[in-house]
Structure formats: C-alpha cells, structure tokens
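> Have a look at the structure that comes next, please.
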Amino acid sequence: MFNARVAEVLRSIAELLEIKGDNPFRIRAYGRAADRITVLQEDIASYAGQGRLEELEGIGKDLAAKIDEIIATGTCRHYEELKRAIPRGVVDMLAVPGIGPKTAKLFYDKLNIRSVAALQQAARQGRLAGLPGVQEKTVANILKGIELLEKGRQRMDILTAQQVAQAVVDGLKHLKSVKEIEPAGSLRRGRETVRDIDILAASPRPAPVMEAFVGLPFVKRVLAHGATKSAVLTQDDTQVDLRVLAPAAFGAALLYFTGSKEHNIKLRQLAIRKKLRISEYGIFDKRDRCLASRTEKEIYARLGMDFIPPEMREDRGEIEAGLRHALPRLVTAKDIRGDLHAHTRYSDGSATPEEMAQAGRRLGYEYLCLTDHSVSLKVAHGLDKERLKKKRAHIDRLNRKMRGLRLLFATEAEIDADGRIDYPVEVLKTFDVVVGAVHSGFKQSKAQLTRRIVRACRNPNVHIIAHPTGRQWPARPSYEVDFKEIFKIARETNTALEINCHPMRMDLGDIPARAAKEAGVRLAIGTDAHDVTHLDYMRFGVGLARRAWLEKQDLLNTCPLQKLLKAIKK
DNA sequence: GCCGTTTTCGGCCCGACTGTTTTCAGTCG
C-alpha cells in the first residue's frame, strides 16, 4: 500500500513550494492530489500499474509521472531538490499558529532560523522585532503560538467535542439577540474526532453576542475578537470559533461553516461555472443579486442539486451524486431498532440487565444485545459456564415478564491469537448472538491479524466482528488489516462487521465502513455500552454510518427482531 | 499543476481578523 507515502511526499512538496513562494495554484494542486490519495480506498499502485492515474480527479500528466516515480523509488527528484534548498525545520515552523509560509521564509532568509526552537530563542532575545512587518505584538503572538503548539492541540473525541459545544450554546442561547445557534464544522458532519469547535449564531445584532462569547466563564484566552467572528481557547485548551450572521443568511452561513473546506470549494467552483457566486451570505448572480440564503436546501437547489446531508460533505462523490439526483437515502436514528453491543454487571458493565432493559425501552428499542465478555478475558470478569447459566436464567426471566423489548443472550467473545473463540462450540450455540472481538496480540503482523479475523468469520457461530481495527482514541491506533480480504470473507460467510460507536473507538471508521458496504458486507452498530448512559452513543454510530453512505438495508440494527435473527444465520 | 456547459489559455472559493500599515499583506478556516 503506497497511498500514505505518495500522499506524504506530495503534501511535503506543497509545503516546500509554499515557503519557496511558488504559484499558489500549483501548491493547491499538490495539496489536493495528496488529499485525494489519502481517502482513496484502493492501492494507488494498482492505478499506476494499469496506467490509470490520470483518471483520478486532480491528477494530470505531471503528477502521474511523479507518483510513478514515488512508487518506484520511494521519493522523487523534485522533492529531493526542494528538501536540499529548504531545511525541514523551516517547514515545521508552519505548524505554529499565526506563522505562514511568508513569515517562515522571512525568518529563514533574514536570520537563518531553521527550527521552531531557534525561532523561540530569537523571539525571546528580541532579534525578530524590526524585520519588515514585525513589531512587538507579532513577536508576542509568535511566542504564544509556540506555547500553543507545545501543548499539542490534539483532536478530541466526539463526545468531548459535543459537551464543549453544548456548553457554549447553553451559555449564549438565552441572549435576546440570539435567534438561532447551532454547532457546525466537523462536529455537525459527525467526524470521528474533532479539532476545533465551530459554532454559528443568527442575530440581527452581533456585537452583544461576541461580547458574551469572549466573556464566557470557561474562556481562558481570546484568540480573535472581531465584529462577527471570534475565537477563544477554553480552560482545557480547546479552540472554539463563533461566527454571527443575520438570520436571513443562516442557511448560507451554515453551509459555509459546516464545510468541509473541500466540499465548499467544489460547490463554489460549480457556482462559478453557472455564472454565480457563493459566500457565507448567500448565492449571488453576476449583478450581485441574492438568489437564496435562508436555508441550505435552497442554495443546493439553485445549483441544481438535492440537499446533501452534512455527514456526506467531504467531496467524496456526494456533489456529483447530488447533481444526478442519486444520493443514497441515508439511515436515520429512527430506523434503529436495537443496540447490538452492550455490557452488564455480569462482566465489566455498571448496570444490571433490568436497568439496561429499561434504558433500551426508553430509547424505543425492540431488542438489546447483552454481550458480556467471555471466559478468557479475566480482567473484565469474562463469564464461565456457571455464570453464563445464571445470566441466561436471569435474561429468560426478564424476557418472560417484559413487554416491548427483548433482551438477547449474547457475548463479546475473545478471538485468540490463532483466530479461535474461547468458548466451546456447544456453549457458543446457546447464544442468540455472538460478537467476536480481538483484545490482545495487537502487535501481530497485518497478515496474522487478518488471518485471525478471517478465521473468526469462518466460524459458523460468530455473527459479528466487533471493532475490527482495534483502535482506541487517543492512545491506540488501528492495527493494520487487509480489508479487501476481510470484506470478501465476511461477505461469503455472512458475517457482519461492527461500527463500534463508543466515542473512544468509532471503529470501523467512515472510509472502511463505506468500502465494506460496497463490497457487499453487512454492518452492525454497537455502542459498547458499559453503563445505561452509554446507550446514547448510538447517535454517534448513526452519524458514522451516514458518513459511510449507509442506507437502512445495509445495517443489521434496522431489522425487526425476527428478521434480525434470521439475517444473522450462517 | 489541473482543467473545460464561454475556454487547450487563462482562469483557479471567498471573506474575516490582525498587525502593520496610511491602504494592505499575511493568515486562517
């Protein structure tokens, strides 16, 4: 798989060209090509091998030749030449907020500064002030920027992001001048992790909203404070941006502030081809007459497209599909009839089966799968035969007296290092649902991990593979597996793959989940709830499924109970 | 460097905020 390397080289070239002061459009061409390859599902080398690179959007003759070279040699001459001209540390300076290519180049040219550390030292020694366009405030901002960089503004999980956004919304929604207020950005798009929080408000009088925002009690530092746009840092170093526009422009503003950047750029290009112009204020004709601005839907309609749900706005084909009126009918929260992954006190959950059942009923579920851990996962009190019997009897008793919701007797069973399940066949057969999971041996090779999962799929008693890539935010990255092979076997054996929507997991992610669907694999959303409140994470799972373009029929959870039990049969 | 419902040349998303400037460049999203 060469995609990561090719993208990395192209992105580095873009950064180096920026510092060099090259044509901005050439720079963007490199950046766009890198983005395109990052989200590409197939191996770029197979495109190259078939001479099909130029079929990819944004890749022409020149880039195709460079990509061929990178695949063959791991790098390309153009890149090596640029690296010789500009030290790595100069590129690193771009990561400092407030420092762009022009400033980095200035410091390098004038003071021979070639690292962030050297920059910090020069700033402290007062050597920066006096350079063209650099005075005291700029120096102070650079020092603040370096401090910010050192703290490492990491991406946060989606639950934390929602909580921060909610705190801001709650702090401002009662203001008289606020007509509407809503989180936008990657949070609204349902991304698996979020960096900055973007919030949009509609108000005829932005000034008091801005004032209230920068004065919120959890604001540690004000990064920008303008008439309609401000940015702050919260006590825990999360950046929150607030933009305020007139209520009449709310739709246009929401479209702009939701992004993604790539989606917006493409929409705006499309508008230009139709002799129109889009901004956060609306869609305008050549004579600057506003044609639409109140809702996103009206703006899409002016472009001849169907409304594109926020989760799809990543420039991954949704614009073309919208123009053809061929968007998928994405799954919605009300399509979900049950949760397929939840724990109780029998293993490491905090709630009883009764409490989980009540919570499930409140959510309107038809069924809830109680997937306590299996015998070999001792740290999580995996159930042995005796305790399984107790749990079975307990669930049967509850099911007899309960109306509306059926508890499913299930397990999250260990897939061992060789791909075997830790319960014997006669025990496995007693479960309504078996979810197989890898919780150990993450350091195995890609081939070994793939073999393990494939073997679990081939097991006639395993119905779902939990969190297929094992990632846990932020500490543990995904282990590598051969998705192509796993999808093929999962399909052949009628094994579903899980979209585990615990905010620390979000696994499968959007890109592999979409690839799984396209490979004909069924998916199953599970919250991995260890507490009644965790059942609410289903909303993150639905968001992720929508990002993967999933429709109702692509998921197990949307089936009524009897159909579900039939659908998982192997 | 890419690309074509005006174009194979001449475009390439669009606007807010900051700091340094007397009208704008740089950065950001």
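> Condition check: at pLDDT 95 or above, touching a strand residue (DSSP E or B) at 6+ places or on another chain (Cβ under 7 Å) and part of a helix (DSSP H, G or I). Does A:LEU497 satisfy that? Lay out the reasoning, then the answer.
On the way: at pLDDT 95 or above: yes; touching a strand residue (DSSP E or B) at 6+ places or on another chain (Cβ under 7 Å): yes; part of a helix (DSSP H, G or I): no.
No; evaluated as a whole, the condition is false for this residue.
> Additional query: How many of the residues making up the stretch A:360-401 are over 22 Å from A:LYS429 (Cβ atoms), assigned to a helix (DSSP H, G or I) and touching a Ser or Thr at 6+ places or on another chain (Cβ under 8 Å)?
The total comes to 1.
> Considering only residues of the stretch A:114-135 that are surrounded by 16 or more Cβ atoms within 10 Å (Cβ to Cβ) and within 26 Å of A:PRO24 (Cα to Cα), which is nearest to DNA strand B (Cβ to nearest atom)?
Result: A:VAL134.
> Can you run down the residue pairs with Cβ atoms below 7 Å, 6 or more apart or on separate chains, where the first is in the stretch A:135-156 and in contact (Cβ under 8 Å) with a residue 12 or more places away in the chain and the partner is among the basic types (Lys, Arg) and surrounded by 12 or more Cβ atoms within 10 Å (Cβ to Cβ)?
Every condition considered, the pairs that remain are A:ARG153/A:ARG195; A:ARG155/A:ARG195.
> Looking only at the stretch A:535-570, which residues are among the aromatic types (Phe, Trp, Tyr) and in contact with a helix residue (DSSP H, G or I) (Cβ under 7 Å, 6 or more places away or on another chain)?
Correct list: A:PHE540, A:TRP549.
> Report yes if A:ALA292 is more than 14 Å from DNA strand B (Cβ to nearest atom), more than 27 Å from the chain's Cα centre (by Cα), farther than 21 Å from A:GLY317 by Cα and crowded, with 19+ Cβ neighbours inside 10 Å, otherwise no.
yes
Conditions (1) buried (at least 16 other Cβ atoms within 10 Å of the Cβ); (2) in contact with a Leu (Cβ under 9 Å, 6 or more places away or on another chain); (3) at pLDDT 95 or above, marked per residue:
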| position | (1), (2), (3) |
| --- | --- |
| A:GLY419 | yes, no, yes |
| A:PHE431 | yes, yes, yes |
| A:LEU449 | yes, no, yes |
| A:ARG455 | yes, no, yes |
| A:THR469 | yes, yes, yes |
| A:GLU480 | no, yes, no |
| A:ILE489 | yes, no, yes |
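> Within the set of pairs 6+ apart or on separate chains, which have a first residue in the stretch A:499-514 that is farther than 12 Å from A:PRO468 by Cα, a second that is part of a loop (DSSP other than H, G, I, E, B) and among the aliphatic types (A, V, I, L, M), and C-beta atoms under 7 Å apart?
As it stands, the answer is A:ASP510/A:ALA548; A:ILE511/A:VAL39; A:ARG514/A:ALA548, since those pairs meet every condition given.
> Kindly provide the set of residues from the stretch A:64-79 that are surrounded by fewer than 15 Cβ atoms within 10 Å (Cβ to Cβ), farther than 10 Å from A:VAL9 by Cβ and more than 9 Å from DNA strand B (Cβ to nearest atom), ordered by number.
Across the stretch A:64-79, the qualifying residues are A:ALA72, A:THR73, A:ARG77.
> Report, by residue number, each residue of the stretch A:36-50 that is among the charged types (D, E, K, R) and buried (at least 18 other Cβ atoms within 10 Å of the Cβ).
Correct list: A:ARG36 only.
> Suppose we filter the stretch A:374-413 for residues that are surrounded by 15 or more Cβ atoms within 10 Å (Cβ to Cβ) and of a type in the set (Lys, Arg); how many remain?
Of the residues in the stretch A:374-413, 3 are surrounded by 15 or more Cβ atoms within 10 Å (Cβ to Cβ) and of a type in the set (Lys, Arg).
> Let me ask something additional. Can you name the condition, by its number, that A:TRP549 falls short on among (1) in contact (Cβ under 8 Å) with a residue 40 or more places away in the chain; (2) part of a helix (DSSP H, G or I); (3) under 18 Å from the mean Cα position of the chain (by Cα); (4) buried (at least 18 other Cβ atoms within 10 Å of the Cβ)?
So A:TRP549 meets the others, but not (2).
> Still on this model: Answer yes or no as to whether A:ARG155 is closer than 24 Å to A:ASP236 by Cα and modelled with pLDDT of 95 or more.
Judged against the criteria, A:ARG155 is not a match.
> Something else: In the stretch A:51-63, which residue that is over 21 Å from A:GLY74 (Cβ atoms) and within 8 Å of DNA strand B (Cβ to nearest atom) is surrounded by the most Cβ atoms within 10 Å (Cβ to Cβ)?
Filtering the stretch A:51-63 for residues over 21 Å from A:GLY74 (Cβ atoms) gives A:52, A:54-55, A:57-58, A:60-61.
Filter again for within 8 Å of DNA strand B (Cβ to nearest atom), leaving A:54, A:57-58, A:60-61.
Numbers: A:GLU54: 12, A:GLU57: 12, A:GLY58: 15, A:GLY60: 12, A:LYS61: 9.
Per the stated criteria, the residue is A:GLY58.
> For the stretch A:396-415, give me the residue count where each residue is more than 23 Å from A:ILE568 (Cα to Cα) and either out of contact with any strand residue (DSSP E or B) (no Cβ under 8 Å at 6 or more places or on another chain) or free of Cβ contacts under 8 Å to residues at least 24 places away in the same chain (or both).
5
> Can you work out which of the residues in the stretch A:104-113 that are in contact (Cβ under 8 Å) with a residue 12 or more places away in the chain and either surrounded by fewer than 19 Cβ atoms within 10 Å (Cβ to Cβ) or within 6 Å of DNA strand B (Cβ to nearest atom) (or both) is farthest from A:ALA129 (Cα to Cα)?
Here the answer is A:LYS105.
> A further question on this structure: Against the definition (over 19 Å from A:SER186 (Cβ atoms), β-branched (Val, Ile, Thr) and surrounded by 15 or more Cβ atoms within 10 Å (Cβ to Cβ)), how does A:ILE283 come out, yes or no?
Yes; evaluated as a whole, the condition is true for this residue.
Yes or no, residue by residue, for (1) within 17 Å of A:MET504 (Cβ to Cβ); (2) of a type in the set (D, E, K, R); (3) touching a Gly at 6+ places or on another chain (Cβ under 8 Å):
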| site | (1), (2), (3) |
| --- | --- |
| A:GLU147 | no, yes, no |
| A:LYS151 | no, yes, no |
| A:ARG155 | yes, yes, no |
| A:VAL168 | no, no, no |
| A:LYS173 | no, yes, no |
| A:SER177 | no, no, no |
| A:ILE181 | no, no, no |
| A:ARG191 | yes, yes, no |
| A:ILE197 | no, no, yes |
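> Residue under question is A:ILE27, and the condition is that it be crowded, with 19+ Cβ neighbours inside 10 Å and under 29 Å from the mean Cα position of the chain (by Cα); does it hold?
Working: crowded, with 19+ Cβ neighbours inside 10 Å: yes; under 29 Å from the mean Cα position of the chain (by Cα): yes.
Criteria met by A:ILE27.
> Something else now. What number of residues in the stretch A:165-197 are touching a strand residue (DSSP E or B) at 6+ places or on another chain (Cβ under 9 Å) and either at positive phi or outside the structural domain of A:PHE213 (by TED's automatic domain parsing) (or both)?
1
> Could you please let me know if A:THR258 is surrounded by fewer than 16 Cβ atoms within 10 Å (Cβ to Cβ), closer than 30 Å to A:LYS176 by Cα, in contact (Cβ under 8 Å) with a residue 12 or more places away in the chain and of a type outside the set (D, E, K, R)?
Spelling it out, it is not the case that A:THR258 is surrounded by fewer than 16 Cβ atoms within 10 Å (Cβ to Cβ), closer than 30 Å to A:LYS176 by Cα, in contact (Cβ under 8 Å) with a residue 12 or more places away in the chain and of a type outside the set (D, E, K, R).
The values are calculated or read from the model by the stated rules, or taken from the named source; none is laboratory data. As the structure is a computational prediction, the values presented were derived from the model and not from experiment. So basically every Cβ, Gly included, is an ideal-geometry build from the backbone, and we count neighbours across all protein chains shown.
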